[in-house]
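Here is the structure we will look at, set down as structure tokens.
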């Protein structure tokens with residue numbers, strides 16, 4: 001039971017620090033900051049769990065217990081960093097769902113929903129991110145894939161074929 | 001030096017993830033085309049069963065975990081597996097829903113590149129909304145009666161509400177484009193109607209225009 005208590009305490013404390021930090025001064029590079037926060041607090045938690053200052057009933061002395069706690073921390077960190085991208089960006093599907101729900105029993109017609117998502121806010125923002133990441137080149141209004149972008153695009157093409165997925169987006 | 005039982009215990013959620021990913025890939029090959037959500041759920045359950053089986057067996061054969069300790073261990077490994085599975089589901093979903101990957105695919109299909117306007121003609125807000133609407137109706141997240149789209153209680157709607165709460169809590173802002181469309185023929189919903197929308201917690205957005 002003790003590793004579970006440490007795991008939940010770590011998750012709660014880290015999330016609380018994350019909320020307070022982001023509400024007061026959100027970092028510029030949010031993913032890197034999130035990884036730093038979760039990674040740093042995980043190391044501190046593991047050190048605290050085996051520290052001689054920790055009372056014996058709550059101390060983790062067994063390597064197996066510490067390793068299980070570390071695996072939990074890795075899984076939660078990766079899951080939360082992925083979830084955070086959906087919190088940070090506005091998902092078109094969630095935007096549509098919330099809009100339809102807000103109209104209640106009246107519902108919406110297709111035209112009302114098609115105008116919800118401005119090109120610039122959705123496509124433009126993602127395009128800027130791809131250019132900033134060096135995956136896409138922009139030369140005099142002409143867009144093309146960089147070598148790295150080409151490699152990633154081919155990887156995802158293979159991935160889609162492997163799983164039998166249609167063209168997404 | 002750790003024993004074999006301890007190694008199995010530590011890596012039980014990772015073994016579950018391996019069963020999930022290999023099982024899902026295999027099911028996608030068998031159930032083609034359009035494998036859908038069911039294959040993912042089936043693979044998730046198989047991975048979860050493997051995680052729980054390995055955890056309980058390794059804990060019992062190690063002889064260190066009984067009663068409340070075993071429950072705590074199962075809880076810890078269960079949550080670890082669910083977090084791994086969430087990561088895998090997101091990775092799989094990238095191929096279906098990621099806008100960035102779609103842009104890369106559009107550019108890959110144009111060897112001489114595209115002007116920004118050409119890209120927007122091929123792939124724009126209207127097309128995104130259209131493909132998302134089709135997907136949401138197909139997966140029964142919203143209903144379409146041939147003329148209007150109507151909300152219904154669904155898993156994705158609950159997740160959207162949760163993300164809206166987290167967005168407000170962490171970033172102090174709302175979804176930017178959620179708004180109730182103004183329709184001439186039908187009256188706009190009252191605050192009462194909105195408050196009693198299917199999730200009981202949907203409110204008209206105060207988001208930026």
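The values are calculated or read from the model by the stated rules, or taken from the named source; none is laboratory data. As the structure is a computational prediction, the values presented were derived from the model and not from experiment. Cβ atoms come from the backbone with ideal geometry, glycine included; neighbour counts cover every protein chain shown.
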Review point. If only one of A:86, A:129, A:102 is modelled with pLDDT of 85 or more and touching a helix residue (DSSP H, G or I) at 6+ places or on another chain (Cβ under 9 Å), which one is it?
Key: A:102
Check your understanding: In this structure, is residue B:114 facing chain A (nearest Cβ under 8 Å), in contact with a strand residue (DSSP E or B) (Cβ under 8 Å, 6 or more places away or on another chain) and modelled with pLDDT of 85 or more?
Key -> yes
Exercise for review: Check B:61, B:21 and return the single one that is free of Cβ contacts under 8 Å to residues at least 60 places away in the same chain and assigned to a helix (DSSP H, G or I).
Suggested key: B:61
Check your understanding: Mind checking whether some residue in region B:79-102 is at negative phi, over 18 Å from the mean Cα position of the chain (by Cα) and free of Cβ contacts under 8 Å to residues at least 12 places away in the same chain?
Key -> no
Practice item. Can you tell me which residue among B:180, B:204 is touching a strand residue (DSSP E or B) at 6+ places or on another chain (Cβ under 9 Å), facing chain A (nearest Cβ under 8 Å) and modelled with pLDDT under 75? Key: B:180
Review point. Do we find that residue A:54 is part of a helix (DSSP H, G or I), more than 7 Å from chain B (Cβ to nearest Cβ) and either without any contact (Cβ under 8 Å) to a residue 60 or more places away in the chain or over 23 Å from residue B:122 (Cβ atoms) (or both) in this structure?
Key: no
Practice item. Confirm whether residue A:68 is within 8 Å of chain B (Cβ to nearest Cβ), in a helix (DSSP H, G or I) and in contact (Cβ under 8 Å) with a residue 60 or more places away in the chain. Key: yes
Point to revise | Residue within region A:67-79 that is surrounded by fewer than 21 Cβ atoms within 10 Å (Cβ to Cβ) and within 30 Å of residue B:148 (Cα to Cα) present | key: no
Exercise for review: Would you point out which residue out of A:101, A:153, A:83 is crowded, with 18+ Cβ neighbours inside 10 Å, more than 7 Å from chain B (Cβ to nearest Cβ), free of Cβ contacts under 8 Å to residues at least 60 places away in the same chain and in a helix (DSSP H, G or I)?
Suggested key: A:83
Practice item. Just give me the residues in region B:127-158 being under 18 Å from residue A:95 (Cα atoms), facing chain A (nearest Cβ under 7 Å) and surrounded by fewer than 15 Cβ atoms within 10 Å (Cβ to Cβ), in sequence order. Key: B:130
Check your understanding: Are any of the residues in region B:72-84 loosely packed, with under 14 Cβ neighbours inside 10 Å and assigned to a helix (DSSP H, G or I)?
Key -> no
Exercise for review: Kindly check whether there is at least one residue in region B:32-52 that is more than 30 Å from residue A:134 (Cβ to Cβ), at the interface with chain A (Cβ under 9 Å from one of its Cβ atoms), crowded, with 19+ Cβ neighbours inside 10 Å and under 22 Å from the mean Cα position of the chain (by Cα).
Suggested key: yes
